[in-house]
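The values are calculated or read from the model by the stated rules, or taken from the named source; none is laboratory data. Everything numeric here is computed off the predicted structure, so don't read it as measured data. Quick reminder, even Gly has a Cβ in these numbers, built from the backbone with ideal geometry, and neighbours come from all protein chains shown.
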2 protein chains.
Amino acid sequence: MNDAEPDAFDLATAEPGEVGIVRPQDYTSAEPFTFECGRTIPGFTLRYETYGRLNAAGTNAILVCHALSGDHHCAGIHGLTDRKPGWWNNIIGPGKALDTNRYFVTCCNVLGGCQGSTGPSSTDPATGQPYGVNFPIVTIRDMVRAQHRWLTAIGVTHLHAIVGGSMGGMQVLEWGLSFPDFASRLLAMATTARESAQAIAFNEVGRQAILQDPDWAQGNYPAGGGPRVGLAIARMMAHITYLSDASMDRKFGRRTVAERPPSATQPTAAGTTSDPDHAFDVTFEVESYLRYQGKAFINRFDANSYLYITRALDQYDPAAATGSLEKAVAAITARTLVVGFTSDWLFPPEQNRAIVTALLRAGKNASYAELETDLGHDSFLLESPQLYDLVRDFLAS
Amino acid sequence: MNDAEPDAFDLATAEPGEVGIVRPQDYTSAEPFTFECGRTIPGFTLRYETYGRLNAAGTNAILVCHALSGDHHCAGIHGLTDRKPGWWNNIIGPGKALDTNRYFVTCCNVLGGCQGSTGPSSTDPATGQPYGVNFPIVTIRDMVRAQHRWLTAIGVTHLHAIVGGSMGGMQVLEWGLSFPDFASRLLAMATTARESAQAIAFNEVGRQAILQDPDWAQGNYPAGGGPRVGLAIARMMAHITYLSDASMDRKFGRRTVAERPPSATQPTAAGTTSDPDHAFDVTFEVESYLRYQGKAFINRFDANSYLYITRALDQYDPAAATGSLEKAVAAITARTLVVGFTSDWLFPPEQNRAIVTALLRAGKNASYAELETDLGHDSFLLESPQLYDLVRDFLAS
């Protein structure tokens, strides 16, 4: 049982069906942690949140794993004046698919992250300076091993389920491989057991935008500084890959920013001087949206974390060692459900299905569901009664 | 008849079936040119090449229109020591689909370009300095109007056909709208009558990478200088959109650069120090390929031209004025063939088909062909006997 738990959420202030106010907590391990790459740090912190109560038998815990740019704040709000709901608030809460009346739901910021967990922006005790690129290369497996230590420390010895989308889905799969007895159910969405060349390519362009920004300074930028331009470019580009062409067209189409019509489509009288200073200002609404996404991201994310976590995504490939995903998943004992989304072109349905195919060939209890959406990769984050039903049924199975 | 034509190519040095050595030529108009935006420049130059001979009746000319990063050099080689073939050499030559034994084929670098035609890197006669972002906003229609002046000046009064892919296809369509009597046949490939929000979004990220590179210097960088980092990032990202996921996987898969295996997938003995300086060096072959593409591009392309030409792409929307592509194409009189490619996700088949649907609804002579490829947007540039047959038959029709 988590000893900080009574303060962790405040049902009194919660709207019906909502988690209410939650307080992030820190778990700190003073034991050394050795990464898959062989390097060791003297200890680490994971920031996490919990929703619902662990039952006496300790059998109702669900771990939620977040995606690249996510964090531990996946449900509820942080206060009456900080009402930004967690990133998966639509699926977590009393009576929701991840029903906090029944389950003890928890989520931590990953190792290597920048929202309170130890990562490149944390202070290296050996130098008193941020680790920067001296932080060890982190893998999906490292993230999972750190989570295992944390969960064990806060009294969770077995999980009813592990749930996550995108990079969260990779962690779900890796949990099944690294700690096969720890969870009864694995539920991965919009994910892959290895990225395609195209996904690696997009991540690489984002990394190059960061690495070549002069403010990256070989990774040794001051806290609050860093390659803001490069990180914003990386985020803008990545954001396109999270949506579908159809959803962008529905949301923005070719609509222009109303205040300033595009100069070239509105011919002026011959000889009139155009406004060259503004020739490349925002013209289309989709441009304005992307610029906003880029700016918002640099205020909440660390560029070195972005480098490390995208690398972890690219390098994840549990089948590499044996040359076969079917062999790799031999260790898994949990029931597994993988959910793909038809319009997800970053981790397309066939990559999701491939995980289940391998599990079934290895004689495992696994099933695959494909949801028809036109919202792209981010479908797993969005409201979907169909997805809620799938999740609810799987958790009750 | 082009008076420089006898020197324009050298059959004596040509391999059988090849155009041989070609010499780029310059057409300079000393008459003022007023852009669609209303601004006027005192004159302009277009650099071009020609292959084959114009017949006495002047009825065998074919105009080739290039894509965003293309230029006038679409066939042959520039010399025995500069053997880089033109970008469409596989389709242009004696006996090829654009048969230079029968047709007089020509192509110019677009207005706004940077390969010899007047564009942002050209000297503004009013200041003696490069135009930079004082260059007028250029549109697809401006490009076509400049081409019309050039062709007329070199003695071409009618075209057997106009052929182009991607942005070249937009020019083909615009030729049919702006100068309906000038060409008998319009052949557009892998193109669109208006970009989707996703295509605009990718162009916008590329522009932001350039605009926010400190070396862009508000567009006033010196010749040979400029935002090399931003331009390389823009090119790397755009290059991903020209290929398909399947073709990237076939070409690169998850293969790593042999000399330096990725540190994180190869655990070393605990306590070994990893090599943090190289943590984000090239790991996968696809990364190496993209970095090469980025570097090669900055040595041949001007960043301001990239801004102007992507803007022209984004703003092209002939249906905007009337609200209907069917109404917009009412002026077209030429036979039209549009070719889409199944794996093109930048300008997908349905956007190609939409052009023909509008033409047919307007009672025009138009047909659509869809080629099954898995090579993505760049399919139009690649070897395809099926495409060659289509082109040959259409030109003979």
Do you know which of the residues in the range A:77-91 that are of a type outside the set (A, V, I, L, M) and within 12 Å of A:GLU15 (Cβ to Cβ) is surrounded by the fewest Cβ atoms within 10 Å (Cβ to Cβ)? A:ARG83
Hey, A:GLY52 farther than 21 Å from A:LEU186 by Cβ and not acidic (Asp, Glu) or not: no
Hey, among A:ALA188, A:ALA246, which residue is among the small types (Gly, Ala, Ser) and within 19 Å of the chain's Cα centre (by Cα)? A:ALA188
Only one of A:ASP389, A:ASP344 is modelled with pLDDT of 95 or more and touching a His at 6+ places or on another chain (Cβ under 6 Å). Can you tell me which? A:ASP344
Filter result (closer than 15 Å to A:CYS107 by Cβ and surrounded by 24 or more Cβ atoms within 10 Å (Cβ to Cβ)) within the range A:135-149: A:MET143, A:VAL144, A:ALA146, A:GLN147
With the condition kept exactly as written, say whether any residue in the range A:93-113 is buried (at least 21 other Cβ atoms within 10 Å of the Cβ), of a type in the set (Lys, Arg) and assigned to a loop (DSSP other than H, G, I, E, B). yes
Give me the residue from the range A:114-134 that is touching a helix residue (DSSP H, G or I) at 6+ places or on another chain (Cβ under 6 Å) and of a type in the set (Gly, Ala, Ser) and, out of that set, surrounded by the fewest Cβ atoms within 10 Å (Cβ to Cβ). A:GLY132
Quick check on this structure: which one of B:ALA366, B:ALA303, B:ALA319, B:ALA312 is more than 20 Å from the chain's Cα centre (by Cα) and touching a residue at least 60 places away in the same chain (Cβ under 8 Å)? B:ALA319
Looking at the range A:121-143 only, could you name the residues that are farther than 17 Å from A:MET167 by Cβ and in contact with a Ser or Thr (Cβ under 9 Å, 6 or more places away or on another chain)? A:SER121, A:SER122, A:GLN129, A:PRO130, A:TYR131, A:GLY132, A:ASN134, A:PHE135, A:PRO136
Those residues that are hydroxyl-bearing (Ser, Thr, Tyr) and surrounded by fewer than 21 Cβ atoms within 10 Å (Cβ to Cβ), I need them from the range A:374-397; list them, please. A:SER384, A:TYR388, A:SER397
Tell me which residues, restricted to the range A:177-208, are more than 7 Å from chain B (Cβ to nearest Cβ), of a type outside the set (A, V, I, L, M), within 14 Å of A:ASP314 (Cα to Cα) and outside any loop (DSSP other than H, G, I, E, B). A:ASN203, A:GLY206
Go through the range A:209-233 residue by residue and tally those that are among the aliphatic types (A, V, I, L, M) and facing chain B (nearest Cβ under 9 Å). 6
Go through the range B:288-327 and give me each residue that's polar (S, T, N, Q) and under 21 Å from B:GLN212 (Cβ atoms). B:GLN293, B:ASN304, B:SER305, B:THR310
Scanning the range B:62-104 residue by residue, those farther than 21 Å from B:PRO385 by Cα and free of Cβ contacts under 8 Å to residues at least 60 places away in the same chain turn out to be B:ASP71, B:HIS72, B:HIS73, B:ILE77, B:HIS78, B:GLY79, B:THR81, B:ASP82, B:ARG83, B:LYS84, B:PHE104
Restricting attention to the range B:203-225, the residues that are more than 18 Å from A:PHE284 (Cβ to Cβ) and of a type in the set (D, E, K, R) number exactly 2
Could you please tell me which pairs satisfy a Cβ distance under 7 Å, a separation of 6+ or placement on different chains, a first residue in the range B:154-174 that is farther than 30 Å from B:ILE200 by Cβ, and a second residue that is of a type in the set (Val, Ile, Thr) and at pLDDT below 95? B:HIS158/B:THR59; B:HIS160/B:THR59
